[in-house]
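Below is one structure, written out as structure tokens; comments come after it.
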């Protein structure tokens, strides 16, 4: 793509406002500039009577959005992390804005939808997946913790499906995403162009229903028995013991996936999910995620995970501590410590109206 191409394309057709993420070579990975532009566009369209529906899509054939530009975040972390803190503050504000948007917000979650891509889509009012959808929150694989409202969404998935997805950093299918509550409708990918065209003139609910198909069975939901049994434990160590001893082959495969992740990130993720389950709003969860994210940014696990997976690509992260048993309660609690004047404050802002 020509570097002069805008990273976000803004289009109007009929009564439709269309936002296109436009970094196809990077699977539309989010930059701070993209987040700020989407925030500004949504603010303008909210009071524009000519816009009845907002549509979000991604350029290219590979997916809606592969998340944040993690390598850029890694480089900023090594330099002190101030730019990333500002990026996350705006990104989480955007996530909350999407969830409360007063007009239909339709996200076409075709192809890969990871991390920040989930935050842009799964909080919307109409969330469309296809047979090509692969959705996930892969953060524990790079020493990080699910954010962009991911802990709010995954903690409210049926049973322990969300815990399983978070701790394995796995990817779910379109039907799985609907079972998890991350999506609302299944539309075959060859119908998406016609759906997008129909949204220019038809009410969003009616258009999406007209093009939607029956949701295929969810492979993940079919495994609820062992997933709920194993992931209901209160510690990652006990979850691993249950997975390793369970007769289901998929449970033992899940154990191997969990064991490969950052011990610290695993424990902080489980604590984040359990705490998010008790919170009263998405904004409270985003405030909590901001605290955890900034503490991750200041620590060693996240930069080391990105180095191993995406920079040097040696796939050999040196986690510290290297084993779960050495990650004590005090270390976990430190990730939830307040930020004083640096608090994000979305819940407070909402309560003030």
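Do you know which residues across region 19-49 are surrounded by fewer than 18 Cβ atoms within 10 Å (Cβ to Cβ), under 21 Å from residue 102 (Cβ atoms) and out of contact with any strand residue (DSSP E or B) (no Cβ under 7 Å at 6 or more places or on another chain)?
Once the filter is applied, which keeps residues that are surrounded by fewer than 18 Cβ atoms within 10 Å (Cβ to Cβ), under 21 Å from residue 102 (Cβ atoms) and out of contact with any strand residue (DSSP E or B) (no Cβ under 7 Å at 6 or more places or on another chain), region 19-49 yields 36, 39, 40, 43, 44, 46, 47, 48, 49.
Please work out if residue 52 is surrounded by 13 or more Cβ atoms within 10 Å (Cβ to Cβ), more than 26 Å from residue 89 (Cα to Cα) and modelled with pLDDT of 95 or more.
yes
Would you confirm, using the coordinates I've provided, whether residue 128 is in contact with a helix residue (DSSP H, G or I) (Cβ under 9 Å, 6 or more places away or on another chain), surrounded by 23 or more Cβ atoms within 10 Å (Cβ to Cβ) and either outside any loop (DSSP other than H, G, I, E, B) or free of Cβ contacts under 8 Å to residues at least 60 places away in the same chain (or both)?
Values: in contact with a helix residue (DSSP H, G or I) (Cβ under 9 Å, 6 or more places away or on another chain): yes; surrounded by 23 or more Cβ atoms within 10 Å (Cβ to Cβ): yes; either outside any loop (DSSP other than H, G, I, E, B) or free of Cβ contacts under 8 Å to residues at least 60 places away in the same chain (or both): yes.
For residue 128, the condition - in contact with a helix residue (DSSP H, G or I) (Cβ under 9 Å, 6 or more places away or on another chain), surrounded by 23 or more Cβ atoms within 10 Å (Cβ to Cβ) and either outside any loop (DSSP other than H, G, I, E, B) or free of Cβ contacts under 8 Å to residues at least 60 places away in the same chain (or both) - is met.
Please specify each residue of region 146-185 satisfying the condition of being part of a loop (DSSP other than H, G, I, E, B) and touching a residue at least 60 places away in the same chain (Cβ under 8 Å).
146, 147, 148, 149, 156, 158, 159, 160, 169, 170, 182, 183 - these are the residues of region 146-185 that are part of a loop (DSSP other than H, G, I, E, B) and touching a residue at least 60 places away in the same chain (Cβ under 8 Å).
(1) closer than 21 Å to residue 179 by Cα; (2) surrounded by fewer than 20 Cβ atoms within 10 Å (Cβ to Cβ); (3) touching a helix residue (DSSP H, G or I) at 6+ places or on another chain (Cβ under 9 Å): which one isn't true of residue 282, the others all being true?
Of everything listed in (1) closer than 21 Å to residue 179 by Cα; (2) surrounded by fewer than 20 Cβ atoms within 10 Å (Cβ to Cβ); (3) touching a helix residue (DSSP H, G or I) at 6+ places or on another chain (Cβ under 9 Å), residue 282 misses just condition (2).
So residue 16 fits all but one of (1) crowded, with 22+ Cβ neighbours inside 10 Å; (2) touching a helix residue (DSSP H, G or I) at 6+ places or on another chain (Cβ under 9 Å); (3) closer than 27 Å to residue 145 by Cα; (4) at pLDDT 95 or above; what number is the exception?
(3)
All but one of (1) surrounded by 16 or more Cβ atoms within 10 Å (Cβ to Cβ); (2) closer than 30 Å to residue 195 by Cα; (3) in contact with a strand residue (DSSP E or B) (Cβ under 8 Å, 6 or more places away or on another chain) hold for residue 87; state the number of the condition that does not hold.
(2)
The values are calculated or read from the model by the stated rules, or taken from the named source; none is laboratory data. For clarity, every value in this text was computed on a predicted model and none was experimentally measured. Ideal geometry is used to build each Cβ from the backbone, glycine not excepted, and the neighbour counts take in all protein chains shown.
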